[in-house]
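Chemist: Supplied in C-alpha cells, the structure appears directly below.
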Amino acid sequence: MKGKYLLFLVCASSFLFNSASAVAQESHAKLKAYSTVKSARDSMGNQISPQDSVSSLATFTYTVTSSRDPFGNNPTPAWGHTGQASGCQNNLEVGDPLSGTDIPPVKGANGFTYHLQELAFFSWFYGAPSIAANDWFSDNNTFTTDAGPVCK
C-alpha cells in the first residue's frame, strides 16, 4: 500500500505534464515544466519516510526522464530486445533500455538512502563513439557499447 501513494503522485504529474505539452505543441508556445515531490502519506495522513515507502526514486526517475520526448518527435534508430522493450522501438526513452536497473544507492545529506534508475545516454541510441564523460553509454556504465545494429 505504501508505494501506491508515490506511484499515484508520479502518474498524476505525468498526466498534467503531458496535457500541458499537448496544449503547448498546438499553440507553438514554449513549455517549461516544473515538478515537485511531496512526502508520501499513509491512509491516516501520516508522513511516510522514503525508507518506509519505497525508499526509491526509480519510478520517479523513469517518469521524469520520459518527458525528454514529450511530443514523441525525437526518433532514434530502431533498438530493442533490452530492458522493457521486448520488440523494437525507435523513440528516445532513456529509461526503457535499463528498466529494472538501478544505479548504486545514493546516501543523501538527510540520512536517507535513495535508489535511482540507471539511464541510457544519447550515444547508446545514436551510436558510438560516446559523447558522454568517460565515453560511457549509461550513467553507471552498465552499457559499455551502443545499441548495436538497427533492430528488426
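Rundown of residues vs (1) modelled with pLDDT of 65 or more; (2) touching an Asp or Glu at 6+ places or on another chain (Cβ under 7 Å); (3) in a helix (DSSP H, G or I); (4) within 19 Å of Val106 (Cα to Cα), yes/no style:
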| residue | (1), (2), (3), (4) |
| --- | --- |
| Ser35 | no, no, no, no |
| Ser49 | no, no, no, yes |
| Phe60 | yes, no, yes, yes |
| Thr76 | yes, no, no, no |
| Asn90 | yes, no, no, no |
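Chemist: Going through the range 104-133 one residue at a time, which ones are outside any loop (DSSP other than H, G, I, E, B) and in contact with a His (Cβ under 7 Å, 6 or more places away or on another chain)? Full working, then the answer.
Modeler: Let us first name the residues in the range 104-133 that are outside any loop (DSSP other than H, G, I, E, B), namely 106-107, 113-114, 117, 120, 122-126, 133.
Within the range 104-133, none qualify.
Chemist: OK, next. Working only within the range 82-91, note down all residues that are more than 12 Å from Ala147 (Cβ to Cβ) and either buried (at least 19 other Cβ atoms within 10 Å of the Cβ) or of a type in the set (Gly, Ala, Ser) (or both). Talk me through it step by step, then tell me what you get.
Modeler: Within the range 82-91, the subset more than 12 Å from Ala147 (Cβ to Cβ) is 84, 86-87, 91.
Ser86, Gly87, listed by residue number.
The values are calculated or read from the model by the stated rules, or taken from the named source; none is laboratory data. From a predicted model like this one, the values you see are computed outputs, not experimental measurements. Positions of Cβ are backbone-derived with ideal geometry, glycine not excepted, and every protein chain shown enters the neighbour counts.
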